[in-house]
Amino acid sequence: MIVVGAGIIGCSVARELARRKLRVLVLDRQEPGKEASWAAAGMLTPAAESAEALPLVHLARASFALYNEFVRQVEQTTGRTIDYRRDGALEVFFGEGAEERRAAWMALFRDSAFQPKPLDAVELRRMEPALAADAAAGALLTDEGAVDNRQLSAAVAEAAQREGAELRTGVEVARIDCESGRTKGIETRQGRISAKHVVMAAGSYSTQIRGAERYAPTIPARGQMVALRPASRSFGMPVRRVVRGPAYLVPRADGRLLVGATVEYAGFEKAVTPGGIGRLLTDAVRMIPELAAAPIVETWSGLRPDTPDHLPVLGPVDVEGLWFATGHFRNGILLAPATARALGEWITEGKTSLPVEPFSAMRFANRAQTVAR
Ligand SMILES: Cc1cc2nc3c(=O)[nH]c(=O)nc-3n(C[C@H](O)[C@H](O)[C@H](O)COP(=O)(O)OP(=O)(O)OC[C@H]3O[C@@H](n4cnc5c(N)ncnc54)[C@H](O)[C@@H]3O)c2cc1C
């Protein structure tokens, strides 16, 4: 069994398959977990962030429910400690019209199991005293958390290997090898590797692998990020939990405060730009004025694996032995445990108990066929 890609998704799937006693070889052209899984903010947000993310909610909730156990097991297998918290998130609306904007945002949750708790300006300031004076309306989402995705991705890669998976880096996969509707393996720049099963988990780059693009036409969505180190000043970390407004702020146990993120369609270009980073800094200071004095410690960007309908591509296709686990766009860190469970069940039991119907890996190939006719 070959897994292509050693990001959080490929490594979580490999770990699950190894735990189910399959022989697993994970291939990556670089060190594991150094693409989107490294660049992310690590928010665990099972509630839909927009109307188009609504189909994700059931799977996202299932994944959030698996998270405690997932992190605990990975920590136990590797002996590592992962910065992981489940203390909710605040959505904050600033300035004029804040209450109307909150009402429009709350409407997203009308039919959902998530009921954000509305907060007025006084309650908001009690929870987060450093907020700007015009933080006028807000809401608390209790079922949320955050994880240090760099720590987690590295730990899951190690856990997969400790469970028996083999990881080979420096291997660039060029093509899926199939014959008469069956998977035969993959072709790399260095030669062929045979396998009866291949799981494609190459993130944004899935679309560049021949034979994968018709099922997973992934589109890179660049996200620029900045890290500040406010804890180096006497007042300490100015927010206690994830706070979202014009930007989002994610506190880390190591004293960094992450500010994110742009969403840009700039091809595979991973530069950070004055426009992108400048806007994030302006938004962060707009939310928490004292951040104006916080040292900037890092800037970076990464490519979210988006798809034409912004939903993941999961499961089997019309080529026997070929599986997909990609296109997780803005939620791959959150969705890793459920994706791994779903692929593990599918591959070893023939079906999955998880709510994956909207994410069929055949949907783009089917649409292309219909258009061609
Ligand atoms: C700025 C930013 C913020 C984000 N914030 C969040 C968040 O708060 N919460 C959340 O849940 N998600 C977030 N995400 C999304 C999340 O990071 C992704 O959905 C997730 O990391 C996707 O994981 P992956 O393993 O599929 O892809 P990747 O991590 O990109 O891994 C793909 C792997 O495939 C390898 N690869 C590619 N092509 C080949 C090839 N031809 N041969 C061999 N190997 C190959 C790559 O080297 C890479 O290691 C964010 C993303 C970004 C960029």
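The values are calculated or read from the model by the stated rules, or taken from the named source; none is laboratory data. From a predicted model like this one, the values you see are computed outputs, not experimental measurements. Quick reminder, even Gly has a Cβ in these numbers, built from the backbone with ideal geometry, and neighbours come from all protein chains shown.
For this structure, a couple of remarks:
Yes/no per residue for (1) within 17 Å of the chain's Cα centre (by Cα); (2) more than 29 Å from TYR205 (Cβ to Cβ):
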{"residue": "GLY267", "(1), (2)": "no, no"}
{"residue": "ALA271", "(1), (2)": "no, no"}
{"residue": "ALA284", "(1), (2)": "no, yes"}
{"residue": "ALA293", "(1), (2)": "no, yes"}
{"residue": "GLY302", "(1), (2)": "yes, no"}
{"residue": "ASP309", "(1), (2)": "yes, no"}
{"residue": "PRO316", "(1), (2)": "no, no"}
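- Among the candidates LEU280, LEU322, residue that is in contact with a strand residue (DSSP E or B) (Cβ under 6 Å, 6 or more places away or on another chain), closer than 27 Å to LEU17 by Cβ and crowded, with 21+ Cβ neighbours inside 10 Å: LEU322
- Counting only helices (runs of 4 or more DSSP H) that fall entirely inside region 1-114 and contain at least 1 residues that are at pLDDT below 95 and within 26 Å of PRO246 (Cβ to Cβ), the qualifying elements are 57-78, 98-107.
- For region 125-154, the candidate set comprises residues that are of a type in the set (Gly, Ala, Ser) and within 14 Å of the ligand (Cβ to nearest atom); within that set, the residue that is nearest to GLY7 (Cα to Cα) is SER153.
- Qualifying positions in region 301-330 - part of a strand (DSSP E or B), within 10 Å of the ligand (Cβ to nearest atom) and among the charged types (D, E, K, R): ARG304, ASP306
- Residue match in region 199-211 (condition: part of a strand (DSSP E or B), within 15 Å of the ligand (Cβ to nearest atom) and of a type in the set (S, T, N, Q)): no
- Selection of region 284-317 for residues being surrounded by fewer than 19 Cβ atoms within 10 Å (Cβ to Cβ) and farther than 30 Å from GLU357 by Cα yields VAL285, ARG286, PRO289, GLU290, ALA292, ALA293, PRO295, ILE296, VAL297, GLU298, THR299, TRP300.
Yes/no matrix, rows are residues, columns are (1) under 15 Å from the mean Cα position of the chain (by Cα); (2) more than 19 Å from GLU158 (Cβ to Cβ); (3) within 12 Å of the ligand (Cβ to nearest atom):
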site	(1), (2), (3)
VAL3	no, no, yes
ILE9	yes, no, yes
ALA48	yes, yes, no
ALA53	yes, yes, yes
HIS58	no, yes, no
PHE64	yes, yes, yes
THR77	no, no, no
PHE94	no, yes, no
ARG102	no, yes, no
